[in-house]
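This report concerns only the one structure given below.
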Amino acid sequence: MSGSWGLDEWHRFPPLFTLQPVESIRQHQLAVWVDIVLAWAAEHNQWTISLNECAVFENGDIGRRLSKQGIEAVGAALVADGRAERTGAGQLELFSERPADLANRLYEWVERSGMLGGVYTIFELHDDKATTPDNPCRGLDLGLIRRSLDFLEQDNRAEVFQGTATREDGVKFFPRS
């Protein structure tokens with residue numbers, strides 16, 4: 001979405017730090033901010049952020065910081081795009097990909113792997129050593145995996161079970177109805 005400029009170039013562009021009044025320009029601006037925030041989260045491996053304290057909204061090299069209203073608009077854009085959920089006052093949990101997209105990729109992998117009807121721990125889906133290299137959940141954030149399983153559960157393609165410990169939580173996959 002950030003066009004021919006790289007994210008670093010956008011982050012050094014002073015007008016990016018001023019919420020634009022023209023709606024079409026603001027939408028592009030917010031899309032660029034979504035990309036910047038997600039790239040920053042991946043680089044710092046920090047998937048939960050406090051909107052008002054997150055360093056990504058400031059660039060000391062150019063002496064700019066996005067306003068509180070701008071930061072809230074970026075947070076709302078992340079949520080609307082399915083790339084974040086609000087977890088508390090001013091807190092966002094960011095997702096490296098949309099949970100609904102991961103849910104579809106996971107279900108396709110389950111079908112290809114002959115896992116329909118089986119019960120598996122969520123840890124098995126996540127663990128690098130317990131699964132195949134083409135598993136879309138391999139090594140991902142457990143919160144993102146759980147959100148994707150919620151989508152499958154709502155669509156009656158899976159049922160999630162709570163174990164006595166988080167490591168024992170499981171899931172059973174069902175054929176499409």
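To the nearest 10 degrees, how steeply does helix 68-80 sit against the main Cα axis of the chain, on a 0 to 90 scale?
30 degrees
In nm, give the distance between the simple-model label positions of Q69 and S24, each being 7 Å from the Cα along the Cα-to-Cβ direction.
Simple spin-label model gives 2.2 nm for this pair.
When T87, T121 are ordered from fewest to most other Cβ atoms inside 10 Å of their Cβ, what list results?
With the fewest neighbours first, T87, T121 line up as T87, T121.
Mind checking the full-extension length gain between M115 and F13? Use 0.36 nm per residue of separation minus the Cα-Cα distance, one decimal, nm. Let's see the in-between values first.
Working: separation 102, 0.36 × 102 = 36.72 nm, distance 4.87 nm.
Between M115 and F13, full extension yields an extra 31.8 nm.
Given H placed 1.01 Å from N in the peptide plane, which residues other than close sequence neighbours of R64 have an amide H under 5 Å from its amide H?
When sequence neighbours closer than 5 places are left aside, the close amide H contacts are N59.
Quote the relative contact order of the stretch 133-177 in percent (integer), defining contacts as alpha-carbon pairs under 8 Å separated by 6+ residues. It would help to have the intermediate numbers written out before the result.
Values: 35 pairs, mean separation 11.8, N = 45.
It rounds to 26 percent for the stretch 133-177.
Candidates [x] 9, 28, 28, 18, 13, 4, 0; [y] 10, 43, 38, 8, 0; [z] 9, 33, 27, 19, 11, 1; which is the computed P(r) over Cα pairs in 10 Å bins from 0, in percent?
Correct label, based on the coordinates given: [z].
Which residues in the stretch 15-53 have a backbone N closer than 17 Å to a point placed 7 Å from the Cα of T166 along the Cα-to-Cβ line?
46-49, by backbone N distance to the label point.
Only the coordinates and a few stated rules stand behind these numbers; no lab work does. None of the values given here were measured: they were computed from a predicted structure. Glycine gets a Cβ as well: all are built from the backbone with ideal geometry, and neighbour counts include every protein chain shown.
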